[in-house]
Amino acid sequence: MAISKEEVKHIAHLARLSINDKEINSFQEDLGEILNYVDRLKTVKTKEKENVAAKKIFNIFRKDKFSAGKPNHKKKNFLREAPDRKDNFFKVPPVFK
Amino acid sequence: MNFESLTIFDLHRLFKEKKASPVEVANYFLSRIAKKDKKIKAFLSVNRKKVIAQAKKAEENFTKQDKANILTGVPAAIKDNILIKNDITTAGSKILANYRASYDATVIKKLKEKGPVVIMGKTNLDEFAMGSSTEHSAFYPTKNPHDLKRVPGGSSGGSAAAVAAGECLFSLGSETNGSVRLPAAFCGVVGLKPTYRSVSRSGLIAMASSLDVIGPMAKTVKETALVFDAISGRDDLDSTSFEDYDVLSHEQLFGRDPKKLKIGIPKEYFPKEVDPGIRQRIEKIINKLVNRGFNVQTVSLPLTEYALAAYYIIMPAEVSANLARYDGMRYGLSVRAKKETNILNTYLNSRKDGFGPEVKRRIMLGTYVLSSGYYDAYYTKAQEIRELIKKEFEEVFKQVDVLLAPVAPSLPFKFGEKTNPVDMYLTDIFTSPSSLAGLPAISLPSGKINGLPTAIQIIGKLFREEDIFILAHYIEKTLKD
């Protein structure tokens, strides 16, 4: 299935990827080829919404109890990786103008 | 002594008899890595200080009564998408080039508690485990120890090459589709892709969460089984991990009669694209098994040819969601102007500079198949086919206990040989169905063709790793006959 340059740009925006003209061309070609390959699935008969795995897989939750202070999960170990921070918070550029 | 040629069991005996010490062995492997890895490049990082500290701890456990066990002091290598606290963990990506892990993955905690094993270092991989050759690593490709012009397979290429080159005795890789089995096959080592949910993924950098699983690699089946036993089991930190299931002890496991297992040969796994040498090798093994009285029958799994296509919808969909977390806000590469006024620029530029082409390709593809108007045509359809593939396996596993097949259609290929993405993806054609169905499978060396390793695959029922181990161990022994 072919995919247009406009679609490539739109998807890149949705995926928060900044891409240049060269990449637009190569993604257009690659994605088209991959979609072409996966199109064979259309020939397989499936019952409508027969799916899905998600219905059968269930989470096994741990007991909801206080577990802070476990040496493996200290706050400072997470905050130290922050590109920018203020006190115990991640500092990020403005979201709203 | 050539410690690299020993099994874990041999080494343990030497430790117990005081014929070798963990520190001596750690130093031996450090200098072996220094010498061999210049060419092979299996490792992304080796932390000498930590290696020696762990080896000393292992040594203490041997001097104290009853503190040591079979894994104490055994040199291991860990794929660099598994977190080790305070060590750089890159996932083979520039976006995590300077990321120091905040905590230990559960499998690492287990290996530190059991033993401790001596972790020699972190091994190379395709960026975020996306690839079949390690050529997509943001740092450098790993070479196949059997032929430096050829790829080691991927994505756990570093982990497989490290075992094959004798730079450790076992390693951990991870698999989403073929990433343990393929490099194991290309490097001539044993690699297990365990049942989905049998090993905790807490601390494994996520790629596609309905498929990801951590798996062990070693020189022999028994060692692989030993490591699997050590890392598997229920973990509160992974809500998908399953309750403990009975893993038989070694004596129980390998004392069982392999001939009680019914073997199926799925005819769809032998299309004409399979290298004739690989096919011949498997046929020879099948004939041997038949001659020795095994129950072998041909079975059919008609949806095999659709599995890779379904995988290339489901996996990128999950990738696009999982990799949204790399936004330059909390960890990893953050590209932001000094007085950045718009957060969107940081998202766009961090991801542009941080991700390589294959990762971007999969994020794009995943975003596309999940986008409005295409969701049902692609994602829903692929999930429906995934269900049918599972059902197909369930039916076949009413007739047989295990399936025997090739791991890959070809022998290790040369660097740069597969430039087209779809060509590269086709390498995983025989691992896709079992990955989608969550089934356990092993890649077992079956000798060499023109100096290059070849392998067979044994696929088992859900949570029946033991069937796989028993048959694999039998084949491993009989191949030597």
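Under 20 Å from a point placed 7 Å out from the Cα of residue B:209 along the Cα-to-Cβ direction: which residues of the range B:321-354 have their backbone N that close? Residues passing the 20 Å test: B:321-332. Evaluated with a Cβ-only charge set (Lys, Arg +1; Asp, Glu -1), chain B carries a dipole of roughly 1460 debye about its Cα centre, given to the nearest 20. Within chain B, the selection of entire DSSP H helices by a Cα span of 24 Å or greater along the long axis and an average Kyte-Doolittle value of at least 0.0 returns B:304-322. Pop the C-beta distance of residue A:85 and residue B:35 into the FRET formula with R0 = 45 Å and round what comes out to the nearest 0.05. Once rounded, the FRET efficiency stands at 0.60. When the square roots of the Cα gyration tensor eigenvalues are ordered a ≥ b ≥ c, the ratio a/c for the range B:336-376 is 1.5 or more and a/b does not exceed b/c, which makes its shape oblate. Less than 16 Å from a label point 7 Å out along the Cα-to-Cβ axis of residue B:344: which backbone N atoms in the range A:1-44 qualify, by residue? Backbone N within reach: A:9-19.
Placing dummy labels 7 Å off each Cα toward the beta-carbon, the span from residue B:149 to residue B:287 is 3.1 nm.
Each 20 Å bin, from zero up to the one with the longest distance, holds this percent of the alpha carbon pairs of the protein assembly as shown: 21, 56, 22, 1. A convex hull fitted to the Cα coordinates of the range B:1-125 yields 101 cubic angstrom per residue.
Please report the projected area of chain B's Cα convex hull averaged over all directions, in nm². Intermediate results must be reported in sequence, preceding the final value.
Numbers: hull surface 91.4 nm².
Convex hull of Cα atoms, orientation-averaged projection: 22.8 nm².
The calculated 222 nm mean residue ellipticity attributable to helices in the protein assembly as shown amounts to -12000 deg cm²/dmol, summing -39500 (n - 2.57) over DSSP H runs of n ≥ 4 and dividing by all residues. With both labels modelled 7 Å from their Cα along Cα-to-Cβ, the residue B:113 to residue B:88 distance reads 3.1 nm. Here residue A:24 and residue A:64 are evaluated by their C-beta separation; at R0 = 45 Å the FRET efficiency comes out at 0.40. Averaging Cα coordinates gives a centre for the range B:40-73 and one for the range B:112-173; these two points are 19 Å apart.
When the Cα centres of the range B:211-245 and the range B:306-335 are compared, how far apart do they sit, in Å? Comparing the Cα centres of the range B:211-245 and the range B:306-335, I get a distance of 24 Å. Taking the inverse of the mean 1/r over every pair of distinct Cα atoms in the range B:3-253 gives a Kirkwood hydrodynamic radius of 17.5 Å. Modelled this way, with points 7 Å down the Cα-to-C-beta line, the labels at residue B:60 and residue B:377 are 6.3 nm from one another.
Were the residues from residue B:321 through residue B:279 laid out at 0.36 nm apart, the gain over their Cα-Cα distance would be 11.2 nm.
Proximity of backbone amide H atoms, modeled 1.01 Å from N, is registered between residue B:401 and B:262, B:263, B:264 at under 5 Å, excluding neighbours fewer than 5 places apart on the same chain.
Using the Kirkwood radius over C-alpha pairs as Rh, can you work out the diffusion coefficient of the range B:292-350 via Stokes-Einstein at 10 °C, viscosity 1.306 mPa s, in µm² per second? Here the translational diffusion coefficient equals 101 µm²/s. Each 10 Å bin, from zero up to the one with the longest distance, holds this percent of the alpha carbon pairs of the range B:156-231: 23, 56, 22, 0. Among beta bridges identified by DSSP and lying wholly in the range B:3-253, the antiparallel ones come to about 65 percent.
Computed from the coordinates by the stated procedures, all read-outs in this text should not be read as laboratory data. For clarity, every value in this text was computed on a predicted model and none was experimentally measured. Positions of Cβ are backbone-derived with ideal geometry, glycine not excepted, and every protein chain shown enters the neighbour counts.
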